[in-house]
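Take a look at the structure below.
The values are calculated or read from the model by the stated rules, or taken from the named source; none is laboratory data. Please read these numbers as outputs of a predicted model, since none were measured by experiment. Glycine also receives a Cβ, built like all others from the backbone with ideal geometry; neighbour counts cover every protein chain displayed. These accessible areas exclude ligands, DNA and RNA; they are computed on the full protein's heavy atoms, side chains included. Shrake-Rupley method; radii C 1.70, N 1.55, O 1.52, S 1.80 Å.
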Amino acid sequence: MAFNFMQKRLEKVIHKVQSKGLLSKENISEILKEVKLILLESDVNLKVVDDFISSIEKKAIGKVVDTDRTSSQEILKIIYDELVNILGKEAKTWNYQSRSVVMMVGLQGSGKTTTVAKLANNLVKKQKKYKNPLLVALDIYRPAAIDQLETLAKKIDFPFYAERNEKDVIKIAKNALKLADKNNHDLIILDTAGRLQTDQKLMDELKEIKKIFIPTDIIFVADGFSGQEILNVAQEFNNKLKLSSVIVTKMDSNAKGGAIFSLAYALKLSISYLGVGEKIANLEIFYPNRIASRLLGLGDIETLTEKAQELGDEKSQEKMFRKMMSGKFDLDDLLVSMQQMSKMGNLGAISKLLPSFGKLGKISEEKINSMETKLDIYKVLINSMTKKERKNPRLLKHQKRKERILKGSGRSAQEYNDLLRQFEKMQKQIMQLSKVLKSGRMPDLSKLGNGLF
Ligand SMILES: Nc1nc2c(ncn2[C@@H]2O[C@H](COP(=O)(O)OP(=O)(O)OP(=O)(O)O)[C@@H](O)[C@H]2O)c(=O)[nH]1
């Protein structure tokens, strides 16, 4: 999960701040020392950390001097604002043109080829900004890169251009541009070979490609695992090519993500997206305010809401709600809900978007893992039931049916009974909620969600 390393540590400090209520000058200095250490351990550049801490210090200590002590909420707000400031203030809006040419550059293995497909998919299928994309393979030095891009292009059903026997990249680039003009491609994404910023010949090649295509965007792809050295690398690429933004990849793994702070603050480069997995859909727009909120354990309800909205159209959600309220919620509906939840990501990832100070946020990692396991078992059991049984859960009390389902699913009688018990409990809660809603009283939402686990 993105920023796991930093988030876990920062959350602890923030809890400490919250538990104090009022803070003295000494309290603040102590807290800032801890924050500084966390950022340094996360590979954030020293100069960036120093600027960040001294800016908070000035604002926070100023408040204490005015009032003798100041509230933890005010200090939290100052830390949050400074985080947003460091991360780039606002999300980078996409530079939409009637025809966009995007050039992906960076070190070897940073994730360029994967990101070409992810970005094309995001801009065409998700954001619907373009209709006719073309993915161009300009990495002739690693032959597998061409196959890799071709496979990805096929997966998303997008046109792809490569010349497997041509050794001159510039020729390929010129031919690709001719094809793009002929076929009116409105989004052209170039996958260039990974290279060191010190390799003059290859850096000149990028400049040549730039001259041919005159790209609207030159995106530097940085590996989230990068340490301090990424600053010099990006600086060199920026000097030679003038970068438009950065995409930081592998933020789903244990990458510390310190590079993001350094690139955004020290080089003033905008971070446009984060790569959060190997799948094509695993690309997230980078919103500085949402990331700051997540880092401080304040959750990211906006992203959670967006994920939920992506799951289904309003009509089908309303249909499901009506079904629930009329007491007709069956095991088929439960299966659909569980499948939709899996589409949002695993429960661990979802829980990271919730504020950690609320009831839900306090769920431990073990509990989340056990919930995940239970959901998987329930899915297997429901999949072994007939349509009729899912619609009429009462049939599931029959011994013969139970034996058949257990045999088919390979699960135990205890797990089967557990599913039925939890489902009944959930149905009762839904009925109670439905009565309360119909009576116009305010429902006690804290009791909801206890049903399944
Ligand atoms: N977990 C994870 N893996 C990623 C992500 N992005 C890329 N990868 C993986 O990182 C590895 C390298 O990615 P590529 O797309 O081949 O990198 P590249 O920059 O094109 O590599 P070169 O062509 O050698 O320069 C692959 O195994 C990808 O699946 C990401 O966001 N998360």
Qualifying trypsin sites (Lys or Arg not before Pro) in segment 148-215, DSSP loop, other Cβ atoms within 10 Å at most 15: Arg164, Lys167
Three semi-axes of the equivalent ellipsoid, segment 4-87, Cα gyration tensor, whole Å, largest first: 21, 14, 10
Karplus 3J(HN,Hα) series, Hz, for segment 20-25 with 6.51 cos²θ - 1.76 cosθ + 1.60 (x for Gly, Pro): 7, x, 10, 10, 9, 4
Rel. contact order, % - alpha carbon contacts under 8 angstrom, at least six apart, segment 4-87: 39
Environment charge of Thr216, counting only residues whose C-beta is closer than 14 Å and scoring Lys/Arg +1, Asp/Glu -1: +3
Computed accessible area, Ser29, all protein chains, 1.4 angstrom probe, square angstrom: 50
Convex hull volume per residue for segment 100-294, taking Cα atoms only, in Å³: 109
Whether segment 182-230 is rounded, prolate or oblate, judged on the alpha carbon gyration tensor where a/c under 1.5 counts as rounded: oblate
DSSP bridge pairs, segment 100-294: antiparallel proportion in percent, nearest 5: 10
Heavy-atom surface of segment 100-294, accessible at 1.4 Å and reported per residue (Å²): 41
Amide proton proximity set for Thr249, modelled H, under 5 Å, gap of 5+: Ala222, Asp223, Gly224, Gly275
Distance cut-off 23 Å, percentage of C-alpha pairs in segment 170-265 lying past it: 33
Listed residue pairs exceeding 20 Å between alpha carbons, taken from Lys36/Lys59; Lys397/Lys428; Lys167/Lys240; Lys125/Lys155; Lys128/Lys240; Lys92/Lys174: Lys167/Lys240; Lys128/Lys240; Lys92/Lys174
Accessible area of segment 4-87 divided out per residue, in Å², using a probe of 1.4 angstrom: 50
